[in-house]
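Read through the structure below, which is laid out as structure tokens, and then see the notes.
Just so you know, all these numbers are worked out from the coordinates, no wet-lab data involved. Please read these numbers as outputs of a predicted model, since none were measured by experiment. When we count neighbours, we look across all protein chains shown, and the Cβ atoms used for this are built from the backbone with ideal geometry, even at glycine.
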Amino acid sequence: MGSIRGAVTRRGARSRPTLVAVAEPELSNTAIAEALEELGDLYELDGAIVHRVLAYRGAAKAVREASVSVAALARQGRAVELPGIGKTLQEKILTLAETGSIPSTERLRAKFPPGLIAITHLPGLGPKRARLLHSELGIDSPQALRAAAQGERLRTVRGLGAKLEASVLASLEEMESQPDPRAAPRVLLARAVEIGEALAAGLARLGGAGTHVQLAGSARRLTDSVKDLDLIATTTRPSTLAESLGKLEQIERVTSAGRAGARARTHSGIAVDLRIARPEQLGNLLQHFTGSGAHNAALREAAVRRGLHVSEYGILDDATATTETHATEQEVYQRLGMSYIEPELRENRGELEAARDGELPELLTLQDICGELHSHTVASDGHNTIDEMGTAARERGYEYLAITDHSASHGFGNDVSPEQLRRQIELVRAANERLEGIELLAGSEVNILPDGSLDYEDALLEQLDWVIASVHTSFAMDEQAMTGRMIAAIEHPLVGAIGHPTGRLIQRRAPYAIDLDAVFAAAARTGTMLEINANPDRRDLSDIHARAAARAGVLLVIDSDAHRTSTLANMRWGVATARRAWLTKEHVANTRSWPELRALRQQARK
DNA sequence: GCCGTTTTCGGCCCGACTGTTTTCAGTCG
């Protein structure tokens with residue numbers, strides 16, 4: 001399932017490719033994850049034990065993060081290989097895929113009105129209170145809840161009071177402007193880190209000598225987006241430091257401050273949580289507040305089996321009944337019998353087992369990157385000249401820079417005609433003569449047309465050092481067609497890499513429908529590389545997808561896709577994604593010199 | 001409902017906060 005059935009265009013064929021035949025698309029992982037989440041919510045309302053509910057939520061997460069079709073896995077009896085999915089859930093997934101629904105969902109939907117689930121998602125209200133409201137007052141929707149709160153009827157229920165009525169009304173008002181509270185606005189990582197690092201530096205300055213402040217939370221794990229900022233500090237004067245948070249220009253207001261820390265909000269609306277640690281327990285606090293929640297829960301669960309209880313304050317040993325504190329995270333992990341786990345890996349995706357077995361990868365670093373293979377100039381939609389980009393790349397310490405402007409059909413007034421590309425090649429060659437200390441490569445970011453062909457003739461592409469092929473049009477094709485389109489480009493012998501392979505824009509545009517299993521298989525077979533586009537809005541491939549690609553034997557490239565000299569620095573976010581994908585230096589092609597990389601390409605073409 | 005460096009049965013992270021409570025349940029991260 002999900003694999004290529006028909007013959008694909010032979011590598012080396014120069015004629016227009018024919019689209020490949022691919023299998024009937026399966027029920028999407030997103031749809032399965034949503035169904036499991038709904039069933040978890042319904043069981044929660046039904047009063048199931050919390051662990052059963054958590055099992056459904058854990059399974060939904062595993063399905064959402066799976067890089068292959070879970071419906072296809074379930075058909076093969078292999079969905080049980082995913083963490084948190086056992087025989088029961090595999091059966092339910094199979095039933096869902098084959099009949100379109102799950103019987104227990106249907107039964108519980110009949111029992112609880114749909115509006116009740118919405119109520120459980122309001123802050124301060126959970127399943128217990130929703131059920132109470134339903135049984136005591138007959139409340140079955142947010143509208144009914146509002147009426148009851150306004151009529152001061154909530155306080156007639158034992159355990160509820162006037163303050164809850166007020167907070168419910170406030171939450172309902174909030175919900176109207178933001179229909180799903182779980183979809184609260186998140187900030188892209190680049191912006192969050194920029195603000196977070198400024199806050200940390202500002203606090204360190206105000207705290208004076210002996211004060212250290214660092215980012216924790218999801219910003220430290222370098223996730224795609226961030227909900228709030230966690231800062232961890234050590235200082236000799238805790239109260240003074242907490243108060244000084246409000247003096248920073250980014251802070252709109254401080255909601256609380258004390259010796260243990262402070263809470264605040266930036267002018268841009270991001271919640272900030274400052275925690276002040278005693279130096280001897282900095283490791284415990286930092287480990288706790290870096291998360292992720294799933295990583296910490298799994299870590300603690302494993303520790304309990306060994307008689308150890310982990311919290312932000314230390315590790316309690318049942319054997320001695322004492323709590324030990326740890327100045328560094330290294331000591332925390334060591335005490336638990338593990339090697340140190342880099343923050344980017346802390347997602348409960350197998351890192352705990354690997355750390356116990358001493359099998360964590362040596363993650364790629366920014367310093368490993370030798371060159372940039374995707375950049376734009378004024379020839380298309382960039383803002384700097386070839387020389388300016390080359391000089392900036394050299395200043396970053398790169399050995400090479402590929403100039404890859406858009407191609408003949410790009411549109412927006414930025415298309416580069418074949419004639420213009422010929423001229424551009426000459427300009428790049430001339431600039432390469434002028435500039436010392438960096439090799440400039442003549443390249444192009446070529447459009448993959450809807451039929452899978454490219455928008456320059458092969459004879460012209462052959463004159464280039466480096467070709468990236470990307471989809472920039474017709475995003476709405478069905479999965480079969482899009483997969484065939486992409487594989488045709490992967491099969492093209494002159495294509496070095498596929499740019500931003502899924503087309504996603506974080507928080508704005510979902511990936512287009514595509515069978516990535518088939519794409520990875522084709523890329524591994526042909527040696528065509530796949531890009532991790534480092535633009536902070538894209539980070540495409542994602543961490544999950546890049547990890548699956550590497551496992552499938554695909555070689556990756558990390559590209560800034562810079563449109564001006566300053567955005568060459570976006571490489572940082574691509575490396576972050578690669579690290580979250582467990583990638584080492586060996587997985588990434590542009591950690592190699594240009595001669596080595598070129599040799600790899602030529603080898604793949606044989 | 002899942003899962004095993006004490007278990008195939010009986011467990012399943014930890015602490016803070018809030019609001020409503022005379023000792024705690026529910027929710028949250």
Condition met for residue A:335 (free of Cβ contacts under 8 Å to residues at least 12 places away in the same chain and of a type in the set (Lys, Arg)): no
Counted residues, the range A:28-37 - those being under 13 Å from residue A:89 (Cβ atoms) and either surrounded by fewer than 20 Cβ atoms within 10 Å (Cβ to Cβ) or within 11 Å of DNA strand B (Cβ to nearest atom) (or both): 2
Unmet requirement for residue A:475, which otherwise passes all of (1) buried (at least 19 other Cβ atoms within 10 Å of the Cβ); (2) among the aromatic types (Phe, Trp, Tyr); (3) closer than 30 Å to residue A:27 by Cα: (1)
Residue tally, condition farther than 19 Å from residue A:533 by Cα and basic (Lys, Arg), over the range A:389-420: 1
Members of the range A:476-510 that are in a loop (DSSP other than H, G, I, E, B), hydrophobic (A, V, I, L, M, F, W, C), within 19 Å of residue A:539 (Cα to Cα) and out of contact with any strand residue (DSSP E or B) (no Cβ under 8 Å at 6 or more places or on another chain): A:510
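Just one of A:99, A:88, A:105, A:120 is more than 9 Å from DNA strand B (Cβ to nearest atom), out of contact with any strand residue (DSSP E or B) (no Cβ under 8 Å at 6 or more places or on another chain) and closer than 20 Å to residue A:57 by Cβ; which is it? It would help to see each step written out before you state the result.
Numbers: A:99 fails: closer than 20 Å to residue A:57 by Cβ; A:88 fails: more than 9 Å from DNA strand B (Cβ to nearest atom); A:120 fails: more than 9 Å from DNA strand B (Cβ to nearest atom).
Only one candidate passes the filter, namely A:105.
Determine which member of the set A:231, A:206, A:215, A:222 is under 19 Å from the mean Cα position of the chain (by Cα) and either basic (Lys, Arg) or more than 17 Å from residue A:507 (Cβ to Cβ) (or both). It would help to see each step written out before you state the result.
Values: A:231 fails: under 19 Å from the mean Cα position of the chain (by Cα); A:206 fails: under 19 Å from the mean Cα position of the chain (by Cα); A:222 fails: either basic (Lys, Arg) or more than 17 Å from residue A:507 (Cβ to Cβ) (or both).
On inspection, the qualifying residue turns out to be A:215.
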Condition broken by residue A:106, with the remaining ones in (1) out of contact with any Asp or Glu (no Cβ under 6 Å at 6 or more places or on another chain); (2) surrounded by 19 or more Cβ atoms within 10 Å (Cβ to Cβ); (3) part of a helix (DSSP H, G or I) satisfied: (2)
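Can you tell which of A:172, A:125, A:133 is of a type in the set (A, V, I, L, M, F, W, C), under 41 Å from the mean Cα position of the chain (by Cα) and within 7 Å of DNA strand B (Cβ to nearest atom)?
Answer to the check: A:125.
Mind listing whichever residues of the range A:201-241 are of a type in the set (Ser, Thr, Tyr) and either away from DNA strand B (no atom under 13 Å from the Cβ) or under 12 Å from residue A:276 (Cα atoms) (or both)? Even if it seems obvious, please write down each step before you answer.
Residues of the range A:201-241 of a type in the set (Ser, Thr, Tyr): A:211, A:218, A:223, A:225, A:234-236, A:239-240.
Hits for the range A:201-241 are A:211, A:223, A:225, A:234, A:235, A:236, A:239, A:240.
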Members of the range A:38-65 that are within 23 Å of the chain's Cα centre (by Cα) and within 13 Å of DNA strand B (Cβ to nearest atom): A:54, A:55, A:56, A:57, A:58, A:59, A:60, A:61, A:62, A:63
First in the range A:258-272 and exposed (fewer than 13 other Cβ atoms within 10 Å of the Cβ), second anywhere and in a strand (DSSP E or B), Cβ under 6 Å, 6 or more apart: A:267/A:252
Search result, residues across the range A:294-319 that are within 6 Å of DNA strand B (Cβ to nearest atom), under 22 Å from the mean Cα position of the chain (by Cα) and not polar (S, T, N, Q): A:297
Inter-residue pairs, beta-carbon under 7 Å, first without any contact (Cβ under 8 Å) to a residue 12 or more places away in the chain and in the range A:308-323, second within 6 Å of DNA strand B (Cβ to nearest atom) and assigned to a strand (DSSP E or B), 6+ apart: A:316/A:309
